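Mind looking over this structure? Questions follow.
The values are calculated or read from the model by the stated rules, or taken from the named source; none is laboratory data. No experiment lies behind these values; they were computed from the predicted model shown. Ideal geometry is used to build each Cβ from the backbone, glycine not excepted, and the neighbour counts take in all protein chains shown. To get the accessible areas, we keep the full protein, side chains included, count just its heavy atoms, and leave off ligands, DNA and RNA. Shrake-Rupley method; radii C 1.70, N 1.55, O 1.52, S 1.80 Å.
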Amino acid sequence: MLKEIVDAFVRLDYRLADGVPGVAPVSEETATRIREYIEEYGARLVALPEASWDTSVCIWMGDHWDALVDLWTEEEGSSDLVLQVQVTEAAGGYVLNVYMVYVP
């Protein structure tokens, strides 16, 4: 799911208009903020490489997982940008909510 989210962002689809199974819809407000933060950062996102999993983190919060996924750009490779998501259990699997892309 995380790779598919980043793939959508690479295509400039910050609302996930094509949908990603198991991912909650992204609001227009959140999509706009994500777009603005990425544009202000000034680099072009690329698909997640395997190396991203070596530095990304998640923490159990008692009823859900919070995760920060390190993002990569054409210009820098590993960047300062992260994708923040929350993962909760749902019937038959998980639901992932996209919160933001930003520099922590």
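Glu28: surrounded by fewer than 18 Cβ atoms within 10 Å (Cβ to Cβ) and closer than 19 Å to Pro104 by Cα, yes or no? Can you show your working first?
Values: surrounded by fewer than 18 Cβ atoms within 10 Å (Cβ to Cβ): yes; closer than 19 Å to Pro104 by Cα: no.
Criteria not met by Glu28.
Could you check how many residues of segment 65-101 are modelled with pLDDT of 95 or more and part of a loop (DSSP other than H, G, I, E, B)?
The qualifying residues number 3.
Can I ask one more? Restricting to segment 69-98, what's the tally of residues that are under 20 Å from Gly42 (Cα atoms) and open to solvent by 50 Å² or more (accessible area, probe 1.4 Å)? Please lay out each step first, then the result.
Filtering segment 69-98 for residues under 20 Å from Gly42 (Cα atoms) gives 69-84.
Going one step further and asking which of them are open to solvent by 50 Å² or more (accessible area, probe 1.4 Å), we end up with 72, 74-76, 78, 80, 84.
Matching residues across segment 69-98 total 7.
Taking the stated definitions as given, is Arg15 open to solvent by 60 Å² or more (accessible area, probe 1.4 Å) and touching a helix residue (DSSP H, G or I) at 6+ places or on another chain (Cβ under 6 Å)?
Values: open to solvent by 60 Å² or more (accessible area, probe 1.4 Å): yes; touching a helix residue (DSSP H, G or I) at 6+ places or on another chain (Cβ under 6 Å): yes.
Yes.
Sticking with this structure for a sec: Determine whether segment 13-21 contains at least one residue that is over 21 Å from Val87 (Cβ atoms), basic (Lys, Arg) and modelled with pLDDT of 95 or more. Walk me through it before giving the result.
Residues of segment 13-21 that are over 21 Å from Val87 (Cβ atoms), as a first pass: 17.
From what's left, basic (Lys, Arg): none.
Looking through segment 13-21, none of the residues is over 21 Å from Val87 (Cβ atoms), basic (Lys, Arg) and modelled with pLDDT of 95 or more.
The conditions are (1) at negative phi; (2) touching a residue at least 12 places away in the same chain (Cβ under 8 Å); (3) not hydrophobic (A, V, I, L, M, F, W, C), and Gly22 fails exactly one of them. Which is it?
(1)
I want to confirm something. Restricting to segment 42-68 and keeping residues that are within 12 Å of Gln86 (Cβ to Cβ) and of a type in the set (A, V, I, L, M, F, W, C), which single residue is most open to solvent (accessible area, probe 1.4 Å)?
It comes out as Trp60.
Would you check if Pro49 is within 17 Å of Glu4 (Cβ to Cβ) and more than 13 Å from the chain's Cα centre (by Cα)?
On the way: within 17 Å of Glu4 (Cβ to Cβ): yes; more than 13 Å from the chain's Cα centre (by Cα): yes.
Judged against the criteria, Pro49 is a match.
Output the residues belonging to segment 15-46 that are in contact with a strand residue (DSSP E or B) (Cβ under 8 Å, 6 or more places away or on another chain), not β-branched (Val, Ile, Thr) and not in a helix (DSSP H, G or I).
Leu16, Gly22, Ala24, Ala43, Arg44, Leu45, listed by residue number.
How many residues does segment 25-51 hold that are of a type in the set (Gly, Ala, Ser), in contact (Cβ under 8 Å) with a residue 24 or more places away in the chain and touching a Phe, Trp or Tyr at 6+ places or on another chain (Cβ under 7 Å)?
Qualifying residue count for the region: 0.
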